[in-house]
Amino acid sequence: MTIEIGVILPTSTPDPAQPILGDVRASARFAEELGLDSIWSTDHLMASAPMLDSTVTLATAAAVTERIGIGFNVMLLALRPVAWAAKQISTLQQLSGNRLVVGVGTGNPAHGDIGWRAAGASYADRGRRTDEALQVLPGLVTGQPTVLDDGLEVTLAPGSVLPPVLVAGNSVRARRRAATYADGWITIQSGLEQLTKDVAELQEFAAQRDRAPLSVAAVVPGLPSDVDEAAAQLSAFAARGVGRAILVPTGPEWQRDYEFAAKVRAAL
């Protein structure tokens, strides 16, 4: 099984002492020039450290590239009114020439609830609201008449081709959510034993719902610094059903990280 290699754009700062806020246009172009498969943006209104807006970031990246996939890693769908989120997704899909992938999550608890409170959204109800949003998202994005949770029927125009939707999260509930509503699952982990168990559970959930096996993507922090060792680790991931690896920047020098990702891709 082959594995695609993507990278996260320099638009967020996991460590406030190590800012990773770079030139989106330059980084998107560079990733495409290196032959990488996808570029991704993180998403939040207010996180534990600076973060750029994901939809503007991806629109910028799409405008300066032609081939490379663009994706949310991951959109906090319940942070927004679902119709507005669907409009953003549909527009990005059209402007990018159908290159979008929509990762959906419920948020890292490390960021707390302040961003949710600022948006007027319920932090406690985010799981339930994510499920409700995922139910109506396909109809909204594709321009079909869709009934929202308050009974209002709306049709967004123009519609677009529905991009792949991937649900993120390492919990059992996230895997059930993916198997119920999504085309795939995104995990953050590097342990092969746990990955094997989780993928098997995911596909079992999908089978219980009479669905085909789901795609699997893995956000991979902490790869070995040796190219061959990193490639061997990702090959082991691929053997366990992972079709896409998303590599995480190690610091402000994103160019070096992207070059490393390209070398690993070539070594696979």
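The values are calculated or read from the model by the stated rules, or taken from the named source; none is laboratory data. The model shown is predicted, which means the values in this text are computed figures rather than measured ones. Glycine gets a Cβ as well: all are built from the backbone with ideal geometry, and neighbour counts include every protein chain shown. To get the accessible areas, we keep the full protein, side chains included, count just its heavy atoms, and leave off ligands, DNA and RNA. Shrake-Rupley method; radii C 1.70, N 1.55, O 1.52, S 1.80 Å.
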Response to the item:
Counting only residues that are open to solvent by 50 Å² or more (accessible area, probe 1.4 Å) and either free of Cβ contacts under 8 Å to residues at least 60 places away in the same chain or touching an Asp or Glu at 6+ places or on another chain (Cβ under 6 Å) (or both), the stretch 109-133 contains a total of 10
Fill in: Scope the stretch 176-190; condition in contact with a strand residue (DSSP E or B) (Cβ under 6 Å, 6 or more places away or on another chain) and modelled with pLDDT of 95 or more; matching residues
Arg177, Ala178, Ala182, Asp183, Gly184, Trp185, Ile186, Thr187
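Can you work out which of the residues in the stretch 238-250 that are closer than 19 Å to Val74 by Cβ and of a type outside the set (D, E, K, R) is surrounded by the most Cβ atoms within 10 Å (Cβ to Cβ)?
Of the residues in the stretch 238-250, the ones closer than 19 Å to Val74 by Cβ are 242-249.
Restricting the remaining residues to those that are of a type outside the set (D, E, K, R) gives 242-243, 245-249.
Values: Val242: 23, Gly243: 16, Ala245: 26, Ile246: 24, Leu247: 24, Val248: 18, Pro249: 24.
Applying the filter and picking the extreme gives Ala245.
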Discussion item. Looking at the stretch 177-199, can you tell me whether even one residue there is touching a Gly at 6+ places or on another chain (Cβ under 9 Å), free of Cβ contacts under 8 Å to residues at least 12 places away in the same chain, aliphatic (A, V, I, L, M) and farther than 18 Å from Thr2 by Cα?
Written reply: no
Discussion item. I want to confirm something. Restricting to the stretch 3-25 and keeping residues that are aliphatic (A, V, I, L, M) and open to solvent by less than 40 Å² (accessible area, probe 1.4 Å), which single residue is modelled with the lowest pLDDT?
Written reply: Ile20
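Evaluate the following for Val136: is it of a type in the set (Val, Ile, Thr), in a helix (DSSP H, G or I) and open to solvent by less than 40 Å² (accessible area, probe 1.4 Å)? Talk me through it step by step, then tell me what you get.
Values: of a type in the set (Val, Ile, Thr): yes; in a helix (DSSP H, G or I): yes; open to solvent by less than 40 Å² (accessible area, probe 1.4 Å): yes.
So Val136 passes the test.
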Fill in: Yes/no for Asp149 being within 17 Å of the chain's Cα centre (by Cα) and of a type in the set (D, E, K, R)
no
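Any residue that is within 16 Å of Ile89 (Cβ to Cβ) and open to solvent by less than 70 Å² (accessible area, probe 1.4 Å) - is there at least one of those in the stretch 167-175? Reasoning before the result, please.
Filtering the stretch 167-175 down to residues within 16 Å of Ile89 (Cβ to Cβ) leaves 167-168.
Adding the requirement that they be open to solvent by less than 70 Å² (accessible area, probe 1.4 Å) leaves 167-168.
For the stretch 167-175, residues within 16 Å of Ile89 (Cβ to Cβ) and open to solvent by less than 70 Å² (accessible area, probe 1.4 Å): present.
Could you say which residue among Thr55, Thr65 is of a type in the set (Ser, Thr, Tyr), within 30 Å of Asp37 (Cβ to Cβ), surrounded by fewer than 22 Cβ atoms within 10 Å (Cβ to Cβ) and under 13 Å from the mean Cα position of the chain (by Cα)?
Working: Thr65 fails: under 13 Å from the mean Cα position of the chain (by Cα).
One residue alone meets the criteria, Thr55.
Given the options Glu201, Glu259, name the one that is open to solvent by less than 60 Å² (accessible area, probe 1.4 Å) and at pLDDT 95 or above.
Details: Glu259 fails: open to solvent by less than 60 Å² (accessible area, probe 1.4 Å).
Result: Glu201 is the single residue among Glu201, Glu259 that is open to solvent by less than 60 Å² (accessible area, probe 1.4 Å) and at pLDDT 95 or above.
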Item to complete: Residues being buried (at least 18 other Cβ atoms within 10 Å of the Cβ) and of a type in the set (Gly, Ala, Ser): count how many of those fall in the stretch 139-158.
Response: 1
Worksheet item: Among the numbered criteria (1) of a type outside the set (D, E, K, R); (2) touching a strand residue (DSSP E or B) at 6+ places or on another chain (Cβ under 8 Å); (3) over 24 Å from Leu92 (Cβ atoms), which single criterion is violated by Thr146?
Response: (3)
Worksheet item: Ser54: modelled with pLDDT of 95 or more and over 14 Å from Val248 (Cα atoms), yes or no?
Response: yes
